[in-house]
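Working notes, beginning with the structure itself.
Taken together, the values in this text are just the output of simple stated rules run on the coordinates, not laboratory data. Not measured: the values here are computed from a predicted model. Cβ placement follows ideal geometry from the backbone for every residue including glycine, while neighbour counts extend to all protein chains displayed.
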Amino acid sequence: MNKDWTKDLEHDEYEYDIDLIIKDAILAVEETKEGCFINLVTSSTFGNPVDYLQPLIVKLFPNQVSIKFIDKCGCGGYVLRVWKTD
């Protein structure tokens, strides 16, 4: 994506499938172009993505991303913002 965008990993099949959340989050980061960010909105079922998703993204994209936890959204999920820096 050549713009900032959001990937909904919160509803439907994602609600109880952490492996699918992780797989599609990684694909979304790969698709995000340098200088842009993606908001990863994750299901509340698995808790804060800072604990399970952020370390994996940092490991897979060393020196290529900057990550910030935004907030728990009103619907119960979480928002993790990932900037592609390189």
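Annotations
- Helix 18-31 axis, angle to the chain major axis (alpha carbon atoms, nearest 10°): 20 degrees
- Scattering profile of region 44-86 at q = 0.18, 0.32, 0.33 Å⁻¹ [log10 I(q)/I(0), Debye over alpha-carbon scatterers]: -0.51, -1.12, -1.16
- The Cα-based radius of gyration and maximum Cα-Cα distance (Dmax) for region 16-58 are 10.4, 32 Å.
- Here Tyr16, Tyr78 are placed in order of increasing Cβ neighbour count within 10 Å, fewest first, which gives Tyr16, Tyr78.
- Read-out Cα extents along the principal axes in Å, derived from the coordinates shown; its label in (i) 69, 25, 14; (ii) 65, 39, 18; (iii) 32, 23, 20: (iii)
- Non-local lysine pairs in region 5-84, meaning eight or more places apart or on different chains, with alpha-carbon distances under 21 Å, amount to 16.
- Neighbours of Gly76, meaning other residues whose beta-carbon lies under 12 angstrom from its beta-carbon, give a summed charge of -2 when Lys and Arg score +1 and Asp and Glu score -1.
- The Cβ shell under 12 Å around Trp5 holds other residues with a net charge of +2, Lys and Arg each +1, Asp and Glu each -1.
- Mean residue ellipticity at 222 nm, helices only, the chain: -8000 deg cm²/dmol; runs of at least 4 DSSP H residues each add -39,500 (n - 2.57), and the sum is divided by the number of residues.
- Positive-end ranking of Phe46, Leu9, Ile70 along the dipole of region 2-71, with charges on Cβ about the Cα centre, is headed by Ile70.
- Sparse packing (at most 13 other Cβ atoms within 10 Å of the Cβ) combined with a DSSP loop state is found for none of the chymotrypsin sites (Phe, Trp or Tyr not before Pro) in region 30-69.
- Candidates Asp71, Asp17, Asp51: whichever shows maximal mean-square fluctuation once the chain is modelled as a Gaussian network with Cα springs under 10 Å: Asp51
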